[in-house]
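Novice: This is the structure I want to talk about, given as structure tokens.
Values quoted throughout were computed directly from the atomic coordinates according to the rules given, and no laboratory measurement underlies them. Computed from a predicted structure; not experimentally measured. Positions of Cβ are backbone-derived with ideal geometry, glycine not excepted, and every protein chain shown enters the neighbour counts.
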Amino acid sequence: MRRGQAWGVVLGLLVLGALAVLPLLPWVDSGYAVSMAINLLMYVVLATAWALFSGSGGHVSLATAAFFGLGSYVVAVLGGDMAWPWVLACAALACALVAAFVGLATLRLHGVYFVIFSFGLAEFIRQFVIWYEANVSGSVGRYVFLDISQAQILWQLCALTLLLFVLGWWLVRSRLGLAMRMMGDDELVARHCGVNTTRAKLLVFAFSAVFMGLAGAVMAPRWTYIDPNIAFNPMVSFQTLIMALLGGASRLHGPLLGVFPLVLLFEYLWTSFPNHYSILLGLSFLLIVYLLPKGVLGWFDRVARGGPA
Amino acid sequence: MPLLDALLNGLTLGGMYALIAMGLGLQYGVARIMNLAYGQFLIASAFAAFWLFARHGLSPLLSLLLLPPLAFACNWLLYRILLMPLVRRAKSRSALEVDSILLSFGLLFVIEGLVLALFGGNYVNYAYLGQVVVVLGTPLALNRLLALGFALLLGSLLYAFLHRSRYGTALRAVSVSPQAAQLVAIDVRAAAAMAFALGGTMVAASGVLVSMFLTFNVSMGVVFTMKALIVVIMGGVGSLAGCLVAGLVLGLTESLVATFIAPGLTLVATFALFLGLLMLRPTGLFKGAAA
């Protein structure tokens, strides 16, 4: 094993260790630390799920907010009427269906076409929901009164993270994961080798969408009030993308390395410079593009080869 | 008559969309830069025109003379300083696309933050030539007609530049094939910088025109970027005629949907249109026509 990879693994293990400690937080501190941990885990799930589909290249997706919001909205609509596990199942099902439907139509698109399409998807769903709520159900916002505490949200997110990593680990090593990597290198070659590219992309897209939707569903009780502008906030898509890319989207543990520093940085910027948050956020994006073009993972590899950092 | 109203409104709106999209088409078609901060440039220019009018009493028509050349210089520098390193680093076209998407995200937030810090998040508009003229029995505000007139003028100027001048021909050559353009002694990087700056000029001009008749705020940039992208892709990358047709189609669709179905569904309609078209003709309406 090369030294850079070893460093990556050590860091990955440290992060995993942190993840193992997080569920114990509610017994130590009930306020700020728990809410930070929830924020962290939410982005861990989103960025990892994002990288599973987009990391192999070819399809940079900005649809994260669409699925995240869809999950939250299912909770807002059904939350009071069903037992919690059923609500979660409905959220997952809704995301899988939308992903499958949308994917069938658009996964033939490449490169920038797909980026724009996925960029529009969240806006599209947001406007549709606003229109539907205003004209059919009568009020745009909804209240979520569910008896779910911050600690329970944290534990659910921990369980979701664990599930995502186990299934993701299996997915990467399965024939499907191999097919995705092959398509990332050259889709034509993959097709000639007998990979059903549409089916493979569709399955992985739906898989990643389900986890994004579940993250949204689990987070929903935290807000108590949801309207489409909160649920389908495009910032979620942007931040997920930049975190996954900072860490390195080509491996399963890559996004973790980006989520931890950036969630802390964004939190710091938001609390210290609320009026200039957007400017500083933009500048940090620029810095990442120039200084770490291959992400933290790529930086480790380069350091290991003895090149310039 | 509602149908005629909707058609006329759709045509003026569509003309603006076509103009807005032309600049993005230049930046993406020739310079190969996917500028997702495009709408923020437009909003920034609209706010500049607003500020000049409200504070200094400068007519938007003078802003139209003043701001675009300034934008040309700024965008040229932007390309030379910020984008050049990415262009040098990129191994392939798609690598440059991903990098430019990330970079323009950064710019998006920076510009939005600056505008927010300077002007706040409120909707603004100003009264300029608000008189109503009646066209074919349909009332239309004079500022809207004027904006449409200038949009047509600017579009024709750009067309003439690209198709009648030697330098414009060089730009089109780069958009068709950067490698082959080098063989006939075209400086591809200079041409790309030029195209990017020209695109920035077009967007600054569109921003001033839009500010004359529209109430706007900071967060509207994203919507303009979306619409410009949809127009560029629907028309086929690098085709001015495609831009015009797609812009008009988009404007008419929006206006008809707003009049006859529901004003809240315009974005839904344009997105559905975009999807439908992509499934039928993934390369756009006018692919194959020269830029």
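Novice: Can you give the translational diffusion coefficient of chain B in µm²/s, computed by Stokes-Einstein from the Kirkwood radius over Cα pairs at 4 °C and 1.567 mPa s?
Specialist: In µm²/s, the coefficient rounds to 67.
Novice: Running a GNM on chain A with Cα contacts under 10 Å, which residue among A:GLY247, A:GLY282, A:GLY258 ends up with the highest mean-square fluctuation?
Specialist: A:GLY282
Novice: For the Cα atoms of chain B, what angle does the longest principal axis make with the long axis of helix B:38-56, in degrees from 0 to 90, nearest 10?
Specialist: The two axes meet at around 50 degrees.
Novice: Relative to the longest principal axis of the C-alpha atoms of chain B, give the angle of the C-alpha long axis of helix B:142-164, reported between 0 and 90° and rounded to the nearest 10°.
Specialist: 20 degrees
Novice: So for B:LEU146, B:LEU198, A:LEU162, fewest C-beta neighbours within 10 Å to most, what's the order?
Specialist: Fewest-to-most Cβ neighbours within 10 Å comes out as A:LEU162, B:LEU146, B:LEU198.
Novice: Kindly express, to the nearest 10 degrees and within the range 0 to 90, the angle between helix B:2-29's C-alpha long axis and the longest C-alpha principal axis of chain B.
Specialist: 20 degrees
Novice: Order of A:THR48, B:THR270 from fewest to most other C-beta atoms within 10 Å?
Specialist: With the fewest neighbours first, A:THR48, B:THR270 line up as B:THR270, A:THR48.
Novice: Normalising by the residue count of chain A, find the relative contact order in percent from Cα pairs under 8 Å and 6+ residues apart.
Specialist: This gives 34 percent for chain A.
Novice: What is the average number of partner chain Cβ atoms found within 10 Å of a Cβ in B:227-234?
Specialist: Mean partner shielding for this stretch: 2.
Novice: So if I take the alpha carbon set of the protein assembly as shown, get Rg, then get Rh from the Kirkwood formula, what is the Rg over Rh ratio?
Specialist: When Rh is taken as the Kirkwood radius, the ratio is 0.97.
Novice: How many Cβ atoms of partner chains, on average, are near each residue of B:113-122 if near means within 10 Å of its Cβ?
Specialist: Counting Cβ atoms of other protein chains within 10 Å of each residue's Cβ and averaging gives 2.
Novice: Relative contact order of the stretch B:176-288: what whole-number percent is it, with Cα pairs under 8 angstrom and at least 6 residues apart?
Specialist: Once divided by the residue count of the stretch B:176-288, the mean separation gives 22 percent.
Novice: For A:PHE211, A:PHE145, what ranking results if the residue with the fewest other Cβ atoms within 10 Å of its Cβ goes first?
Specialist: A:PHE145, A:PHE211
Novice: For chain B, what does the helix formula give at 222 nm: sum of -39500 (n - 2.57) over DSSP H segments with n ≥ 4, over the residue count, nearest 500 deg cm²/dmol?
Specialist: -25000 deg cm²/dmol
Novice: Right, something else. Tabulate in residue order the Karplus-calculated ³J(HN,Hα) for the stretch A:268-283, using 6.51 cos²θ - 1.76 cosθ + 1.60 with θ = phi - 60°, rounded to whole Hz; enter x for Gly and Pro.
Specialist: Each residue of the stretch A:268-283 in turn: 4, 4, 5, 7, 8, 10, x, 7, 10, 4, 4, 4, 5, 4, x, 4 Hz.
Novice: Related question: How would you classify the stretch B:213-261 from its alpha-carbon gyration tensor, with a ≥ b ≥ c the square roots of the eigenvalues: rounded for a/c under 1.5, else prolate if a/b is greater than b/c, otherwise oblate?
Specialist: Here the stretch B:213-261 falls in the oblate category.
Novice: Now for a separate question. Please enumerate, by chain and number, the aspartates and glutamates with C-alpha under 14 Å from the C-alpha of B:LYS227, excluding those fewer than 8 residues away in the same chain.
Specialist: A:GLU123, B:GLU254
Novice: Among rounded, prolate and oblate, which fits the stretch A:243-307 when a ≥ b ≥ c are the square roots of the eigenvalues of its C-alpha gyration tensor, a/c under 1.5 means rounded, and a/b larger than b/c means prolate?
Specialist: prolate
Novice: Here's a follow-up. Do you know the relative contact order of the stretch A:178-309, to the nearest whole percent, from alpha carbon pairs under 8 angstrom that are 6+ apart?
Specialist: 16 percent
Novice: Here is a further query. Quantify how strongly other chains surround peptide A:276-288 by giving the mean number of their Cβ atoms within 10 Å of each of its Cβ atoms.
Specialist: Counting other chains' Cβ atoms within 10 Å and averaging over A:276-288 gives 6.
Novice: Between rounded, prolate and oblate, where does the stretch B:24-105 land on the alpha carbon gyration tensor, with a ≥ b ≥ c its root eigenvalues, rounded for a/c under 1.5, else prolate if a/b exceeds b/c?
Specialist: Note, shape of the stretch B:24-105 comes out prolate.
Novice: Can you give the translational diffusion coefficient of the stretch B:85-242 in µm²/s, computed by Stokes-Einstein from the Kirkwood radius over Cα pairs at 20 °C and 1.002 mPa s?
Specialist: Here the translational diffusion coefficient equals 116 µm²/s.
Novice: Highest mean first, what order results for B:35-41, A:19-25 on Cβ atoms within 10 Å?
Specialist: B:35-41, A:19-25
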